[in-house]
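Chemist: Can you read through this structure? Questions will come right after.
Bear in mind these aren't lab numbers, they're just calculated from the coordinates by the rules spelled out. None of these values were measured; they are calculated from a predicted model. Cβ placement follows ideal geometry from the backbone for every residue including glycine, while neighbour counts extend to all protein chains displayed.
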């Protein structure tokens with residue numbers, strides 16, 4: 001592990017969360033300058049393999065994205081082209097292009113990004129499937145295609161580097177950060193934004209995989225130099241941030257399928273009952289209690305994940321929400337953002353999540369801790385103060401505010417300097433879930449970093465100074481503007 005003394009990590013925790021103003025004063029770049037990187041990564045001279053250009057219009061109810069999926073029997077089962085295409089596009093694909101006088105950042109993907117720089121790149125290892133050789137590929141969002149960058153199986157090296165058993169894996173997704181795509185503008189502060197976005201991308205891929213019935217997990221501890229070389233990235237320019245093994249899941253059993261494999265028998269004992277009408281209520285409730293499918297039922301008003309992803313929006317350059325209450329059911333559903341996920345860190349999420357209700361029908365203003373929505377504090381009189389939000393957001397119209405808090409001391413003690421990266425990845429997973437759940441409710445969700453840590457700690461009732469808010473997301477109703485948002489549909 002690097003930086004075993006934690007000096008570099010401790011300094012970066014302090015500079016980005018407790019003294020970010022002085023860090024940014026050391027210099028920032030200018031958008032549109034000659035050193036701004038291209039919006040999309042390309043591999044000239046390598047022939048891309050197109051993915052199916054007709055994507056499913058539905059993936060399943062958004063609540064299904066948080067279900068637990070058990071890996072199958074260990075046999076390698078490559079993803080079919082349609083499933084792979086849906087996983088990549090809805091997981092981290094180009095989702096829309098904005099045009100109009102207010103469209104400062106036109107290209108959007110299914111995950112938010114600071115100023116739409118999108119430093120995260122998505123690579124994948126795939127086994128041979130008959131039509132495609134085994135190897136490492138880069139996902140080209142602009143053309144919805146995969147580009148082969150290294151032929152060969154390489155499963156044993158990748159598994160050893162990630163400390164994972166990849167026997168039977170259908171794919172392994174690797175998320176990197178091309179640091180300069182953000183650092184050209186934010187300089188020393190960029191690592192925070194890059195790691196946050198990598199976590200949000202991982203969280204989105206987990207949701208899409210869940211709706212596709214795939215078993216996915218997030219690995220944050222791996223041998224960086226090995227994965228970097230496997231992907232052929234330039235050392236110190238682009239860094240692997242997370243590894244996500246994808247397995248075919250064990251399908252939920254249905255009575256219809258199992259009964260075909262189970263012949264009836266004729267037991268010697270015969271029931272002596274004669275007239276069931278004498279106990280009709282007993283037999284009626286028994287008949288209506290029979291399970292024929294082990295999949296959990298979706299709420300009748302649940303939104304499909306595809307629709308939620310397309311509705312996900314950060315609220316424009318300046319977020320001035322319409323002051324209109326949100327429904328209590330939508331507020332309660334936001335608690336799913338803190339649901340457990342599978343990974344290599346033990347009990348996750350590592351951070352603690354809070355929702356602050358301001359304008360919610362039937363819900364008292366106050367601070368609620370997730371996932372149980374336990375009341376832990378009151379809303380300050382007069383609403384959010386100026387320290388809990390930057391001037392680009394009108395805090396008076398915000399319906400709810402979401403926070404993820406991590407303990408700096410525990411993260412550093414457990415993971416060293418890498419604890420900063422892991423804390424942001426973990427927080428990003430919850431943050432993206434929150435953004436998509438807000439989209440399902442027709443609300444915008446704006447990730448924000450321009451808050452004063454001390455103000456947020458007072459709001460949440462945090463006493464321990466090591467408990468630091470890693471993420472803040474404002475949720476509210478969007479106003480109408482002159483921007484035209486064109487969805488990208490393959």
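Chemist: I need the semi-axes of the equivalent ellipsoid of the range 7-248: take the C-alpha gyration tensor, multiply each eigenvalue by 5, square-root it, list largest first in whole angstrom.
Modeler: 30, 21, 18
Chemist: In what order do 367, 218, 226 fall by count of nearby beta-carbon atoms within 10 Å, going from fewest to most?
Modeler: The most exposed by this proxy come first: 226, 367, 218.
Chemist: Shifting gears a bit: What percent do you get for the relative contact order of the range 7-248 when only Cα pairs under 8 Å and 6+ apart count?
Modeler: 27
Chemist: In whole angstrom, note down how far apart the Cα centers of the range 394-473 and the range 142-163 are.
Modeler: Computed from Cα coordinates, the inter-centre distance equals 32 Å.
Chemist: I need to check one value: relative contact order of the chain, counting alpha carbon pairs closer than 8 Å and at least 6 residues apart, in percent.
Modeler: 20
Chemist: While we're on this one: Using Cβ counts within 10 Å as a stand-in for footprinting exposure, how do 354, 14 rank, fewest first?
Modeler: 14, 354
Chemist: Which of the following values of Cα extents along the principal axes in Å was calculated from the structure shown: [x] 73, 65, 39; [y] 161, 56, 34; [z] 87, 60, 50?
Modeler: [z]
Chemist: Here is a further query. Could you list 105, 13, 125 so that the one with the fewest beta carbons within 10 Å of its beta carbon is first and the one with the most is last?
Modeler: 105, 13, 125
Chemist: Here's another thing I want to ask about it. Distances over 18 Å make up what percent of all Cα-Cα pairs in the range 343-385?
Modeler: Counting pairs separated by more than 18 Å, the tail of P(r) holds 38 percent.
Chemist: To the nearest 0.05, what FRET efficiency results for residue 221 and residue 301 with a Förster distance of 41 Å applied to their C-beta separation?
Modeler: E(calc), rounded to 0.05, equals 0.55.
Chemist: What percent antiparallel are the DSSP beta bridges of the chain, to the nearest 5?
Modeler: For the chain, the DSSP antiparallel bridge percentage is about 95.
Chemist: 222 nm [θ] for the chain, helices only, -39500 (n - 2.57) per DSSP H run of 4+, per residue, to 500?
Modeler: Mean residue ellipticity, 222 nm, calculated: -8000 deg cm²/dmol.
Chemist: Now a separate question. Which whole-number percent gives the relative contact order of the range 305-487, counting Cα pairs below 8 Å spaced six or more residues apart?
Modeler: Reported as a whole number, the value is 32 percent.
Chemist: Assuming a ≥ b ≥ c are the square roots of the Cα gyration tensor eigenvalues, decide whether the range 33-157 counts as rounded (a/c under 1.5), prolate (otherwise, with a/b larger than b/c) or oblate.
Modeler: Oblate, because a/c is 1.5 or more while a/b does not exceed b/c.
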